[in-house]
1. How many residues does the range A:49-66 hold that are of a type in the set (Phe, Trp, Tyr) and open to solvent by 70 Å² or more (accessible area, probe 1.4 Å)?
2. B:Lys149 is checked against (1) open to solvent by less than 10 Å² (accessible area, probe 1.4 Å); (2) touching a helix residue (DSSP H, G or I) at 6+ places or on another chain (Cβ under 6 Å); (3) within 30 Å of B:Leu239 (Cβ to Cβ) and fails just one. What number does that condition carry?
3. Any idea how many residues of the range B:232-253 are over 30 Å from B:Leu284 (Cα atoms) and either outside any loop (DSSP other than H, G, I, E, B) or over 23 Å from the mean Cα position of the chain (by Cα) (or both)?
4. Out of all the residues in the range B:323-330, is one or more open to solvent by less than 40 Å² (accessible area, probe 1.4 Å), out of contact with any Leu (no Cβ under 6 Å at 6 or more places or on another chain) and closer than 21 Å to B:Gln396 by Cα?
5. Output the residues belonging to the range B:44-80 that are within 26 Å of the chain's Cα centre (by Cα), in contact (Cβ under 8 Å) with a residue 60 or more places away in the chain and either outside any helix (DSSP H, G or I) or surrounded by fewer than 17 Cβ atoms within 10 Å (Cβ to Cβ) (or both).
6. Residue under question is A:Val192, and the condition is that it be in contact with an Asp or Glu (Cβ under 8 Å, 6 or more places away or on another chain), within 26 Å of B:Ile405 (Cα to Cα), assigned to a helix (DSSP H, G or I) and facing chain B (nearest Cβ under 8 Å); does it hold?
7. Looking at (1) of a type outside the set (Gly, Ala, Ser); (2) closer than 23 Å to B:Ala105 by Cβ; (3) open to solvent by 10 Å² or more (accessible area, probe 1.4 Å), which one does B:Val164 not meet, given that it meets all the others?
Amino acid sequence: MRASFAISSGGTTFLHALDARTKMFVGVAASLSVIFLNTPQSLGFLAAASGAYLLVLRRFALAGVCYLFLLLMAGAALGFMWLMHGIWPRMAEPDLARFSIPFLRTLVLANVVLALALSSRIQAVLAALRALRLPVWLFVPTAVMIRFIPSFLKDIKEVRESMKTRGYGSGPAALFSRPMLTVRLLFMPLVVRALRTSDELGVAAELKGVGNRNAASCYRPQRFSGRDLAVACGALCVLTAAFLLQSGPSLSGGMH
Amino acid sequence: MIELADVTYSYPHQAAPAVEHIDLRARPGQAILCTGASGSGKSTLVRLFNGLAPHFFKGGLRGRVRIAGADTADLSLARISRQVGTLFQDPEHQFFALNVADEIAAALEWQGLATGEIESRIAGVADRFGLRDILEASVHDLSEGQKQKAALAAVLAQRPRVLVLDEPTANLDPEATLELAGILGTLKADGIALVVVDHRLYWLEGLIDEAVVMENGRVAHRGPFADLRDDALRTRFGLRAVAVNDPRQTLPPLSAEAGRVSGQNLCFSYERDRPLLDGLCFDLPAGGVVGLLGPNGAGKTTLARLLVGLLRLNAGEVRIDGRPVRPSELLTRTGIVLQNMDHQLHMRSVRQELLTAAGTTRSLHTVEEAERMLVRFGLAHLAERHPQSLSGGEKQRLVIACGMIRHPEVLILDEPTSGLDGRNMETIARSLDEFAREGGVVLVISHDLELLEKTCTHRLDLAGHPRRA
C-alpha cells in the first residue's frame, strides 16, 4: 500500500522539533506583516525567507507543486488583464511590479501555513490555541483547518493520478489546450473530496470529544527550547529587514 | 446495554425516512449482525447507535435510542462516544491525529485523563494489538490491517461498553479478518456488546448471536446466524455467501508460456537497499483474469502502478505483445480502477462520465457503446444522475465501466468489491469475465475470496516472490 501514501510524516526535521507555538507565532507574525508590506522588494524578500523556512521540511516536490499552482494563477490573471487591456485600451496596462504584490503575499502565507500544518502534532496546535483562551467555535475549526491540509494534499495527488490514468494531463499544457475540461477534471473531485474530508474530520473530532475545554489534558506537554527562541528571534529579524527594505526606494506607490 | 426502540429517522431535506420502526438491542457480551443490500439502511443504523444521527447529521428522530438506560437525545456526542466506540469501514475517516500514539491519546486527552493514565492505556492497547513498533508511525504509512488495528486500539483505549463496527473487513486480507474475529471474540467474552454491520458473512460464524437483515430501511428478517445459510433468503436479500472457499492456493499459477502482457525482471524500491520488487517476471495471458495475491505490504498496489506507468521501474521492462512499452505509453494502453472512487468521477452525469472516459482513447467510441455499457452495468436508469450522488456500489460499477470503455490492453482493478453487497459483487464479477472473454487481460487485486473464486483463472502471488533481505 505504500504507493498510495502521498502524505507521510516526512521524517523528523528541525521544524518538527520546534514547539507548535513557535510555528504559530511565525505564521501570525508573517500574516500580519504582509498586510502592511506593499513593495515587491520587501514581499519578495519575505517570500524567499519563508520559502527557505518551508524547505527545511525537505518536501521539495510539494513546494514545487504549490509554487507552480500560484504561478499558474498569476499567469492566468495577468493574461486576462492583458486581454482586457487589448479589448478596452482605456484600461491601464498591467504593471508587473504592482501585479506581483498580492501573489507574493499569498506565497508568504502558503509557506508559513504549510510549514505549520506539515510538521506539527494536531493536539499541540489545539493545546496552543486552547491556552490562548480562544472560544471553542474559533479554535476547533482553526485546528481542523490545519489538520485538513495534509488530507487535501493527499487528495490532490490522487486526483492527478486519476486524471493521468484517464489519459488527461493536469499541467500547464493541458490547462491551456483544454481549460474548461481540465479545470472540471481537477476541481470537481477536489471540491467533493474537500466537502467529504471536512465532514469526516468533523465526525472524527466530535467522536473524540474535541472542544471539551474543561476537561482536556495534554499527553505530550510542549516546552520551549533554545531553538524556539532562536527561530522566533530570527523571524523577527527577517520581518524587521523586510520593513527596512520597504522604507527604502520603492517601485510602487502605496497600499494595494 | 444499547437499545433502539421503535426508531424512525429521516435525514434533513429527505421526505422518506432512512430507517423505520427499528427495534434492536445488544446486551453486554452479545454480538448482533446487521446486514442487507446496499442502501437498505445499515449505515444509518451505525449512525443511530453512535449518536451521529441526529447529533451530527441532524434530521428527525422518532422513538428512543438508549445506552445503559440513558436516552442519547440527552447526551452529548462526546459522552456517547465514551460508551459507544465506532470502527469505520475506512479507518482513515476516523483518524484525527497524524501518528498512532497521538491518535490513541487524542480522545483520552479530551477526557482530561492524567498523562500517566494515558500512557498506561496506550501501552495496554499497543501490546494487545501489536502496535508497539509503530506507535510513532504516520497513520498514512500503515498497511490497511495496521490502520484497522490502530483505529480499533484508539476506540478501545476509551474502554467503551458497546463497539459498533461498520464493514470492518472491507480492506482486510483473510488472515487479518480471522485475526479481527478472534479479537472480537475476546471483547465479547469481556462483556462488550458488539454491533457488526457487514456484507461479508463468512468470518462471523460462531461470533454472532442474532442476525438482522435490513431491506428498504426496515428489519426484514431476524434470527440466529444459522438462518443466513438459507440460499433462498440470501438470494432474496442480495446477501453474500456464508461459507467461502479460499481459492488462493487452488488457483493455478501463471504458466511459463508467453502472455500478451509480460513483466521482465521488474525491480523497484521506495528506499535504497530495501527492494520491494526484485527481478519479478510474469506473463499475463489474454482472456485470463489473474488474481494478484499477497499479504498487505507485499507490493501489489505498487506493481499495479508500475504496470500502468504511474511509477517508474528501477530496472526491467513491461512488454505488450512482445514489445517493450515506455511508462508514458503504458498510461494510454492500460487502465486501472483505483480504490477511492470520489477521485475518479468528474462530470455532470453518468453518461457524460462514460463518454469523456471513452473520448481520450485513440480509437473513437460511439455513443451506442456508452449506452451498451450503461445497460451492461445496470446504470441505464441513472444515466442523467450526477456521478457523485450515486451509492457506493453504483459508483464502483461506473468507474469500472469507464475503465473498460477505453478498451485498455490490460485492465487492473484494486479491491473492486470492497464494501459491496452480493448483487453488486456478482455484477462486477460478470463484467470482468466478459471483458476477459473479449480478449482483454484483467489483473485483480482483491482480498475478497468470493470474487477471486468467481472470476480468477490464474494467480500471481507476490508472497512467493523472492526479494533481497
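The values are calculated or read from the model by the stated rules, or taken from the named source; none is laboratory data. What you see is a predicted model, and the numbers here were worked out from it, not measured in a lab. FYI the Cβ positions are ideal-geometry reconstructions off the backbone, even for glycines, and counts take in every protein chain you see. Heavy atoms of the whole protein, side chains included, go into the accessibility calculation; ligands, DNA and RNA do not. Shrake-Rupley method; radii C 1.70, N 1.55, O 1.52, S 1.80 Å.
1. Selection size over the range A:49-66: 1.
2. (1)
3. The total comes to 6.
4. no
5. Listed by number, the list holds a single entry, B:Asn50.
6. yes
7. Among (1) of a type outside the set (Gly, Ala, Ser); (2) closer than 23 Å to B:Ala105 by Cβ; (3) open to solvent by 10 Å² or more (accessible area, probe 1.4 Å), the lone unmet condition for B:Val164 is (3).
For every residue, the table says whether it meets (1) under 24 Å from B:Gly36 (Cβ atoms); (2) surrounded by fewer than 20 Cβ atoms within 10 Å (Cβ to Cβ).
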| residue | (1), (2) |
| --- | --- |
| B:Gln339 | yes, no |
| B:Gln344 | no, no |
| B:Arg348 | no, yes |
| B:Ala357 | no, no |
| B:Ala370 | no, no |
| B:Ala383 | no, yes |
| B:His386 | no, yes |
| B:Ser391 | yes, yes |
